[in-house]
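Chemist: Below is a structure I'd like to ask you about.
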Amino acid sequence: MSKIELQATENLKSAITAAMRSGMEKGLLPKAEIPDFIVEVPADLSHGDRAANAAMISAKAFHMAPRKIAETIKQELDLGGTYFDRCEIAGPGFMNFFFGPRFYVDVVKEVLAAGPLYGRSNWGKKEKVMVEYVSANPTGPMHMGNARGGALGDCLASVLDAAGFDVTREFYVNDAGNQILKFGHSLGARYLQIYKGEDAVEFPEDGYHGDDIKDRAAEFAKVNGDKYVDVSAEEREKALVDYALPRNITKMKADLEKYRIVYDSWFLESTLHNDGELDEAIQILKDRGMTYEKDGALWYRATANGAEKDEVLVRGNGTPTYFAADIAYHRNKFLKRGFQRVIDVWGADHHGHVARMKGAMDAIGLDGSKLDVILIQLVRLVRGGEVVRMSKRTGKAIGLADLLDEVPVDAARFYFNLREATSQMDFDLDLAVKQDSQNPVYYVQYAHARICSLLKNLAADGIQPRKCTDEELALLTAPEEKDLIRHLSICTSEIIASARDYDPARMMRYLITLATLFHKFYTACRVKGEGKSLTAARLDLCMAAKTVLNNILSMFKITAPESM
RNA sequence: GUCUUCGUAGCUCAGUUGGAUAGAGCGACCGCCUCCUAAGCGGUAGGCCGGCGGUUCGAAUCCGCCCGAGGACACCA
């Protein structure tokens with residue numbers, strides 16, 4: 001658990017508050033409530049390491065000019081218990097603070113002491129949170145939306161874990177309901193076509209037209225021969241679904257594992273139908289007066305929770321809708337399994353579903369505000385500056401498996417997390433495989449490889465990293481060294497911010513900046529061949545940078561190569 | 001039409017609950033390896049923050065209207 005940077009800010013805040021109180025007691029400032037001011041990292045670092053707006057924000061309450069207030073605070077300020085050793089007043093009344101040498105020494109020591117745990121915190125207080133993502137339809141292969149959702153959901157789960165949440169990753173398998181019937185019809189038609197000819201059997205208009213359906217039907221025929229040709233459609237389709245579905249799910253698991261996504265649980269929708277939870281959920285809504293019957297269907301009074309129109313729970317033909325199952329599913333997450341917070345990663349096309357799911361949670365007696373939905377915007381694949389829709393090889397839409405054939409997993413995971421979920425993005429296939437500085441994946445990995453190479457080089461001369469004394473670490477005073485250390489220090493708060501905003505892309509930006517600062521340090525400061533103490537101190541700094549690079553890359557399941 | 005995500009450098013995007021001269025990467029141009037990986041570093045050029053109003057000491061950020069792009073509005077999932 002890293003504390004120094006958070007502590008530095010907190011202590012400074014207390015010191016400023018104390019200075020204002022002292023000013024009031026001496027009659028230098030009017031006795032008034034101290035407004036809630038902030039201490040932040042200034043946009044322009046040349047201004048200082050931290051900036052406080054205390055003077056400006058108090059101007060109204062104190063009826064004093066901000067600069068005058070700032071002067072008084074500065075005069076009364078005791079920085080003794082903080083990591084700061086200097087304060088400057090600037091602009092309209094900003095107070096800028098500068099770290100003293102002890103800060104830099106302590107950060108390097110802290111990173112090295114914490115090692116793989118550096119950056120982790122208890123911010124989430126072990127709250128039980130579920131991240132559900134991908135949850136692709138098991139009737140066919142996964143598409144690009146699943147690829148982006150997979151990278152984002154998986155990395156978000158990691159970020160939450162690092163920020164101190166108790167995280168469970170889940171895949172919801174839609175192995176029941178309408179689309180499974182459709183799946184069965186499609187398989188049935190393809191199976192019969194094998195024995196009766198393509199023209200003799202009509203393929204359902206709304207069926208799944210993909211080749212994967214043909215392939216599964218053919219596999220099934222190879223195993224079972226024609227013995228399902230003359231049985232009832234129901235029996236035939238059940239046998240086909242029972243054969244194909246587990247194989248599709250196994251294939252999805254395999255594809256996702258290639259993508260380095262491993263779930264804690266695969267939740268089958270069918271269990272909700274089979275164990276009565278679905279009926280239970282519908283019954284509760286009935287009991288609460290949230291339903292009515294119309295045109296032979298059972299409706300949910302969504303309009304009671306502000307929705308524009310009501311929704312069907314059970315169709316006229318007696319089968320429940322996806323929506324009904326989803327209510328039961330989310331009730332299961334919250335109530336049966338005790339998740340305190342549930343995050344769903346969905347495609348942007350589901351956005352109409354968000355408000356009514358939250359409303360339904362309230363309607364069923366749970367708290368809809370504990371359900372957060374991240375809507376992933378569209379991905380366009382681009383090659384040679386042009387949008388590509390179809391795979392050249394298969395002629396079909398490019399899927400997750402196709403993408404991973406073409407692009408390294410490292411690049412895919414990196415790229416999909418480079419942008420916020422809410423922004424539409426272009427995935428440049430040319431860039432993702434390019435092995436040069438245009439490609440941020442390599443840029444970051446190169447920083448790690450450079451450190452490893454440096455270590456090898458020094459080891460050949462018999463120099464190993466060792467624990468430096470405070471005096472030795474205090475030699476790290478070059479601007480490039482201080483910039484790098486300062487960036488290392490904010491790792492924990494960046495992870496927390498990332499978790500708070502559900503924005504793993506923030507960590508990718510942190511990582512790129514970290515690489516930049518290391519490369520600058522590397523160019524400006526030599527490690528090898530300096531004095532013994534300075535070499536040792538710089539080596540420690542390299543180890544600290546390597547540690548943080550490693551921690552974040554492994555958090556995102558991107559490899560950190562020893563050499564490139 | 002209603003809802004929703006957006007609009008910032010040539011391109012792709014940052015910009016943290018309103019703050020200091022609006023940033024980065026790529027692309028363009030110019031430099032830097034007798035020295036730990038040049039997959040790197042430095043420099044130059046490039047902006048009416050979509051537009052118009054409003055709130056504020058202060059707006060890329062908040063509010064309203066307009067313009068433009070993507071997505072959603074099923075007894076589908």
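Chemist: Out of curiosity, is residue A:330 assigned to a helix (DSSP H, G or I), in contact with a strand residue (DSSP E or B) (Cβ under 6 Å, 6 or more places away or on another chain) and not hydrophobic (A, V, I, L, M, F, W, C)? Break it down into steps so the answer makes sense when it comes.
Modeler: Values: assigned to a helix (DSSP H, G or I): yes; in contact with a strand residue (DSSP E or B) (Cβ under 6 Å, 6 or more places away or on another chain): no; not hydrophobic (A, V, I, L, M, F, W, C): yes.
Judged against the criteria, residue A:330 is not a match.
Chemist: Looking only at the stretch A:261-297, count every residue that is over 30 Å from residue A:410 (Cβ atoms), of a type in the set (A, V, I, L, M) and in contact with a helix residue (DSSP H, G or I) (Cβ under 7 Å, 6 or more places away or on another chain) and tell me the total.
Modeler: Number satisfying all stated conditions: 6.
Chemist: Further, regarding this structure: Here are A:504, A:465, A:479: which of them is surrounded by 19 or more Cβ atoms within 10 Å (Cβ to Cβ) and not hydrophobic (A, V, I, L, M, F, W, C)?
Modeler: On the way: A:465 fails: surrounded by 19 or more Cβ atoms within 10 Å (Cβ to Cβ); A:479 fails: surrounded by 19 or more Cβ atoms within 10 Å (Cβ to Cβ).
Result of the check over A:504, A:465, A:479: A:504.
Chemist: Output the number of residues of the stretch A:512-531 satisfying the condition of being more than 7 Å from RNA strand B (Cβ to nearest atom), crowded, with 21+ Cβ neighbours inside 10 Å and more than 27 Å from the chain's Cα centre (by Cα).
Modeler: 1
Chemist: Let me confirm something: among A:211, A:242, which residue is open to solvent by 20 Å² or more (accessible area, probe 1.4 Å) and over 30 Å from residue A:376 (Cβ atoms)? Outline the logic, then answer.
Modeler: Values: A:211 fails: over 30 Å from residue A:376 (Cβ atoms).
The unique qualifying residue is A:242.
Chemist: Scan the stretch A:103-124 and report the pairs whose first residue is more than 27 Å from residue A:48 (Cβ to Cβ) and open to solvent by less than 80 Å² (accessible area, probe 1.4 Å) and whose second residue is among the polar types (S, T, N, Q) and at pLDDT 95 or above, with Cβ atoms within less than 7 Å and a gap of 6+ or a chain change.
Modeler: A:115/A:547
Chemist: In addition: For residue A:544, state whether it is more than 11 Å from RNA strand B (Cβ to nearest atom), under 24 Å from residue A:4 (Cβ atoms), at pLDDT 95 or above and not in a loop (DSSP other than H, G, I, E, B). Step through it out loud before you land on a result.
Modeler: Details: more than 11 Å from RNA strand B (Cβ to nearest atom): yes; under 24 Å from residue A:4 (Cβ atoms): yes; at pLDDT 95 or above: yes; not in a loop (DSSP other than H, G, I, E, B): yes.
The answer is yes for residue A:544.
Matching residues to (1) assigned to a helix (DSSP H, G or I); (2) within 13 Å of RNA strand B (Cβ to nearest atom); (3) within 14 Å of residue A:12 (Cβ to Cβ); (4) open to solvent by less than 30 Å² (accessible area, probe 1.4 Å):
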residue	(1), (2), (3), (4)
A:56	yes, yes, no, no
A:60	yes, yes, no, no
A:68	yes, no, no, no
A:73	yes, no, yes, yes
A:82	no, no, yes, yes
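Chemist: If you don't mind, another one. Of all residues in the stretch A:326-356, which are more than 8 Å from RNA strand B (Cβ to nearest atom), small (Gly, Ala, Ser) and under 19 Å from residue A:290 (Cβ atoms)?
Modeler: A:328 - this is the single residue of the stretch A:326-356 that is more than 8 Å from RNA strand B (Cβ to nearest atom), small (Gly, Ala, Ser) and under 19 Å from residue A:290 (Cβ atoms).
Chemist: In the stretch A:23-37, what residues are part of a loop (DSSP other than H, G, I, E, B) and not charged (D, E, K, R)?
Modeler: Restricting attention to the stretch A:23-37, the residues satisfying the condition of being part of a loop (DSSP other than H, G, I, E, B) are A:26-37.
Scanning the stretch A:23-37 gives A:27, A:28, A:29, A:30, A:32, A:34, A:35, A:37.
Chemist: While we're on this one: I'm trying to understand the selection: among the residues of the stretch A:168-198, which are without any contact (Cβ under 8 Å) to a residue 60 or more places away in the chain and aliphatic (A, V, I, L, M)? If you could, list the steps in order and put the result at the bottom.
Modeler: Kept after step one, since they are without any contact (Cβ under 8 Å) to a residue 60 or more places away in the chain, are these residues of the stretch A:168-198: A:179, A:181-182, A:184-198.
A:181, A:187, A:189, A:192, A:194 - these are the residues of the stretch A:168-198 that are without any contact (Cβ under 8 Å) to a residue 60 or more places away in the chain and aliphatic (A, V, I, L, M).
Chemist: Within the stretch A:480-510, work out how many residues are closer than 23 Å to residue A:106 by Cβ and assigned to a helix (DSSP H, G or I).
Modeler: From the stretch A:480-510, those closer than 23 Å to residue A:106 by Cβ are A:480-497, A:510; that's our starting set.
Going one step further and asking which of them are assigned to a helix (DSSP H, G or I), we end up with A:480-489, A:491-497, A:510.
Of the residues in that region, 18 qualify.
Chemist: Now for a different question. I'd like the full set of residues that are more than 7 Å from RNA strand B (Cβ to nearest atom) and part of a helix (DSSP H, G or I), limited to the stretch A:431-455. First the steps, then the outcome.
Modeler: Looking only at the stretch A:431-455, we keep the residues that are more than 7 Å from RNA strand B (Cβ to nearest atom), and these are A:431-434, A:439, A:441, A:444-445, A:447-448, A:451, A:455.
Within the stretch A:431-455, A:431, A:432, A:433, A:441, A:444, A:445, A:447, A:448, A:451, A:455 qualify.
Chemist: Something else about it: Given the options A:493, A:533, name the one that is within 23 Å of residue A:39 (Cα to Cα) and among the polar types (S, T, N, Q).
Modeler: Unique residue meeting the criteria: A:493.
Chemist: I'm trying to understand the selection: among the residues of the stretch A:245-283, which are within 15 Å of residue A:173 (Cα to Cα), open to solvent by 30 Å² or more (accessible area, probe 1.4 Å) and among the charged types (D, E, K, R)?
Modeler: The answer is A:247, A:251, A:253, A:264.
Chemist: Which is touching a Gly at 6+ places or on another chain (Cβ under 9 Å), touching a residue at least 24 places away in the same chain (Cβ under 8 Å) and surrounded by 14 or more Cβ atoms within 10 Å (Cβ to Cβ), of A:447, A:421?
Modeler: Numbers: A:447 fails: touching a Gly at 6+ places or on another chain (Cβ under 9 Å).
Within the list A:447, A:421, the selection yields A:421.
The values are calculated or read from the model by the stated rules, or taken from the named source; none is laboratory data. What you see is a predicted model; the values in this text were computed from it and never measured. So basically every Cβ, Gly included, is an ideal-geometry build from the backbone, and we count neighbours across all protein chains shown. Only protein heavy atoms, including side chains, enter the accessible area calculation; ligands, DNA and RNA are left aside. Shrake-Rupley method; radii C 1.70, N 1.55, O 1.52, S 1.80 Å.
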